[in-house]
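The structure appears below as structure tokens.
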Amino acid sequence: MAPIEARGDSLRGSSPRRLSPQLLAWIRAGLVVVLVLVLDQLSKRAIEHSIIEGEERKVLPGVQLVHTRNNGVAFGFLPGNHLAVTLLIGVALGALLVYFARHATVPLIWLPTGMLIGGAFGNILDRVRHGAVTDFVKLPLGWPPFNLADISITFGILILFLVIDHSRNAAR
């Protein structure tokens, strides 16, 4: 993608300047964070206003919409242990931000970073507002319900591994 140019002050006759690749990566990651956060929160509010807690609605074969509350981390891990959940999320986000700051110029690293932070913030907002996370997509075979933030986190991890692997292979 071509760098975005910022216009200089036309009264002084300064030439256009380009945003640094690092700054551009931070901007892109920030936009992904906002997009994930908005979609996640809107979808959760739609479920909260249309499905009674505990109710299930079939939408596709094997896929149901439900309204449940999750006190744990992803897929109910560490339920009820708010301190451990908060510490785990904080450490993971801190490590991600440090990695991103050091590798912001790696192609596409902004995408999984934004997906992971946006997903984490979406679930953190639920914990702050409701004391638990709203989950609503239920798959067969006993898979625990999840939400768009969880999907963003899961795919963010997968894409992060692919981007890191690709950048390491390209450096050889």
Would you mind getting me the FRET efficiency between residue 101 and residue 139? Use the beta-carbon distance for r and R0 = 25 Å, nearest 0.05. 0.10
As I understand it, the dipole of segment 46-172 uses +1 on the Cβ of Lys and Arg and -1 on the Cβ of Asp and Glu, about the Cα centre. Which of 144, 124, 64 lies farthest toward its positive end? 124
Where a ≥ b ≥ c are the square roots of the eigenvalues of the C-alpha gyration tensor, would you call segment 24-172 rounded, which needs a/c under 1.5, or, failing that, prolate if a/b is larger than b/c, or oblate? prolate
Subtract the Cα-Cα distance of residue 93 and residue 45 from 0.36 nm times their separation in residues, and report this length gain in nm to one decimal. 14.8 nm
Suppose each label sits 7 Å from its Cα in the direction of the beta carbon; what would the residue 165-residue 22 distance come out to in nanometres? 2.9 nm
Could you look at segment 78-155 and say what percent of its accessible area is carbon and sulfur, using a 1.4 Å probe and all protein chains? 78 percent
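The values are calculated or read from the model by the stated rules, or taken from the named source; none is laboratory data. Every value quoted in this text rests on a predicted model; they were computed, and no experiment measured them. Methodologically, a virtual Cβ is constructed for each residue, glycine included, from the backbone with ideal geometry; neighbour enumeration extends over all protein chains shown. These accessible areas exclude ligands, DNA and RNA; they are computed on the full protein's heavy atoms, side chains included. Shrake-Rupley method; radii C 1.70, N 1.55, O 1.52, S 1.80 Å.
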